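Okay, so here's the structure we're looking at.
The values are calculated or read from the model by the stated rules, or taken from the named source; none is laboratory data. Predicted model, so just to flag it, every value in this text is computed and none were measured. Glycine gets a Cβ as well: all are built from the backbone with ideal geometry, and neighbour counts include every protein chain shown.
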Amino acid sequence: MVHDLYILMITAGVVSLLFKLLKQPVVLGYIVAGILVGPNSFGGSFVDAENVEAWGNIGVLFVLFCIGLEFRLKNLVSSGKVAVVGAATIIVGMMVLGYGVGRFAELDNMNSLFLAAMLCMSSTTIVMKAIDEAGLSKARFVKGATSILIFEDIVAVVLMVLLSSIAVKNSFEGVELLKKVGVLAVTLVVWFVVGILVIPTLLRKVRPHLNDETLIILALGLCLGMVLTAEEAGFSSALGAFVMGMVLAETLEAHRIEKLMAPLKNVFAAIFFVSVGMMINPTSLAEYWPSILFVSIVIIIGMIVFGTLGCWWGGETFKDSMLTGFSFVQIGEFSFIIAALGSKLEVTDPAIYPIIVAASVLTTFLTPYIMKATVPCYDFLYKHAPTRLRSKIDRREQEVEKAEQNTSASTEETFLAHAEKVQHALRRTIITKRVVKLFYTNMSENDRKGQSDKVQSTKEENHE
């Protein structure tokens with residue numbers, strides 16, 4: 001096992017360093033490292049595939065736990081229309097397109113459904129990395145893009161649960177599916193509400209005794225506890241990790257946990273992507289290259305069109321909508337996870353996995369270059385657009401700028417105002433005043449403390 005870990009780490013480290021020097025995403029380096037140490041490159045594997053798979057599964061849990069930690073309910077509420085409309089447009093549009101591609105390739109319903117799910121999710125990690133490397137992290141469109149990615153992550157976890165249920169039963173029972181969705185929704189609400197009521201209060205009481213070591217051990221214990229709870233309830237382990245991340249995101253210690261989890265997440269996420277690369281057969285890539293190219297083109301065009309339309313319908317300016325759409329032109333973590341799920345359940349064609357991974361690698365590689373083309377494309381479209389459409393684009397720009405200037409309350413104040421309305425409404429229904437006050441206090445205190453921690457962290461970084 002130590003031998004396997006050594007081979008994985010040294011290969012991933014060297015290859016990812018090379019990719020960094022070439023200014024390419026390190027995720028691609030990890031996948032290439034997996035191809036090199038896997039069983040398909042040099043006539044035999046350098047590592048035990050079962051050990052790598054086990055570590056990769058742990059990596060998935062940690063990645064989803066950290067994605068949950070980055071989830072902030074107030075951010076989703078503040079983005080509101082853009083997050084919901086944008087994500088819904090992309091997911092529905094890409095799933096219809098992906099299902100159509102599957103049927104066009106003469107795949108059955110199950111394969112086409114899994115393919116549709118693989119194509120509808122952009123990579124949060126890659127998008128944010130590409131935006132940061134492009135120097136656009138402070139741009140206006142980033143807030144809406146981040147909210148859409150968060151919403152997509154939530155939908156992806158739900159999709160995984162539904163796909164597992166469909167695959168096990170091997171049927172599309174509408175009533176059964178709706179029942180499963182209802183049970184899932186109720187379970188999520190119960191877990192989240194109970195978690196918000198109990199865990200922040202507990203952490204606040206023991207906070208004086210929580211050093212970094214104790215905090216990370218406690219956080220991982222809670223994460224794995226929720227994973228086991230999810231499995232016992234008949235849901236995927238990934239759902240449990242994500243939910244606990246969401247719960248801890250609303251505690252005073254969220255930013256500390258996020259910071260402490262980063263090295264662990266990076267290590268196990270690297271192992272996960274290496275395990276993905278190990279399943280790729282280079283000879284199959286040569287065999288399926290027309291399909292890989294076709295799927296990549298579908299992803300790029302579909303994401304640009306649906307991403308731009310979704311943000312425009314959600315109230316963004318046309319330029320910001322295009323910036324979002326052009327940055328979403330790849331698939332990533334969840335596509336791999338869903339592809340691996342299909343392979344594990346033996347319900348997808350073996351050819352789909354290498355095609356999806358190769359298409360992800362290709363679209364990830366092209367993402368920075370496609371993003372650079374956004375402004376020239378916008379200028380060209382604006383210049384050649386009909387007068388009526390140009391007027392509408394200008395009017396939307398003025399409306400958005402005016403809305404920004406007239407915003408007197410901060411995002412936090414707006415969120416707390418919504419929370420207070422909910423508090424008053426719930427007082428008159430089934431929840432007691434004491435419980436509602438506790439829920440409200442836990443969330444609002446975390447928002448205030450979170451802002452303070454961010455400011456302090458920024459000061460420390462600037463000082464260094």
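Data overview
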item: Residue check, residue 380 outside the structural domain of residue 282 (by TED's automatic domain parsing) and of a type in the set (A, V, I, L, M, F, W, C); result: yes
item: Residues that are exposed (fewer than 13 other Cβ atoms within 10 Å of the Cβ) and either among the basic types (Lys, Arg) or in contact with a strand residue (DSSP E or B) (Cβ under 9 Å, 6 or more places away or on another chain) (or both), drawn from region 351-407; result: 372, 383, 388, 395, 402
item: Subset tally (residues that are out of contact with any Lys or Arg (no Cβ under 7 Å at 6 or more places or on another chain) and farther than 23 Å from residue 366 by Cβ) for region 313-350; result: 13
item: Complete set of residues in region 1-47 that are among the charged types (D, E, K, R), under 24 Å from residue 366 (Cβ atoms) and surrounded by 15 or more Cβ atoms within 10 Å (Cβ to Cβ); result: none
item: Hey, residue 375 more than 14 Å from residue 279 (Cα to Cα) and not hydroxyl-bearing (Ser, Thr, Tyr) or not; result: yes
item: Checklist (1) at pLDDT below 80; (2) outside any loop (DSSP other than H, G, I, E, B); (3) under 30 Å from residue 82 (Cβ atoms) applied to residue 155, failing item; result: (1)
item: Near pairs, Cβ below 9 angstrom, 6+ apart or cross-chain, from region 208-229 (assigned by TED's automatic domain parsing to the domain that holds residue 243 and under 17 Å from residue 260 (Cα atoms)) to any residue that is surrounded by fewer than 16 Cβ atoms within 10 Å (Cβ to Cβ) and among the basic types (Lys, Arg); result: 212/259
item: Which numbered condition residue 264 misses (of (1) modelled with pLDDT of 85 or more; (2) among the hydrophobic types (A, V, I, L, M, F, W, C); (3) in contact with a Leu (Cβ under 9 Å, 6 or more places away or on another chain)); result: (1)
item: Checklist (1) modelled with pLDDT of 85 or more; (2) buried (at least 18 other Cβ atoms within 10 Å of the Cβ); (3) assigned to a helix (DSSP H, G or I); (4) more than 15 Å from the chain's Cα centre (by Cα) applied to residue 107, failing item; result: (3)
item: Conditions (1) closer than 30 Å to residue 140 by Cβ; (2) at pLDDT below 80; number of the one not met by residue 276; result: (1)
item: Selection from region 1-37 of residues that are in a loop (DSSP other than H, G, I, E, B) and within 27 Å of the chain's Cα centre (by Cα); result: 22, 23, 24, 25
item: Test: residue in region 292-306 that is small (Gly, Ala, Ser) and crowded, with 24+ Cβ neighbours inside 10 Å; result: no
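Results for (1) in a helix (DSSP H, G or I); (2) closer than 15 Å to residue 117 by Cβ; (3) without any contact (Cβ under 8 Å) to a residue 12 or more places away in the chain; (4) not assigned by TED's automatic domain parsing to the domain that holds residue 162, shown as yes or no for each residue.
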| position | (1), (2), (3), (4) |
| --- | --- |
| 295 | yes, yes, no, no |
| 298 | yes, yes, no, no |
| 315 | no, no, no, no |
| 319 | yes, no, no, no |
| 350 | no, no, yes, no |
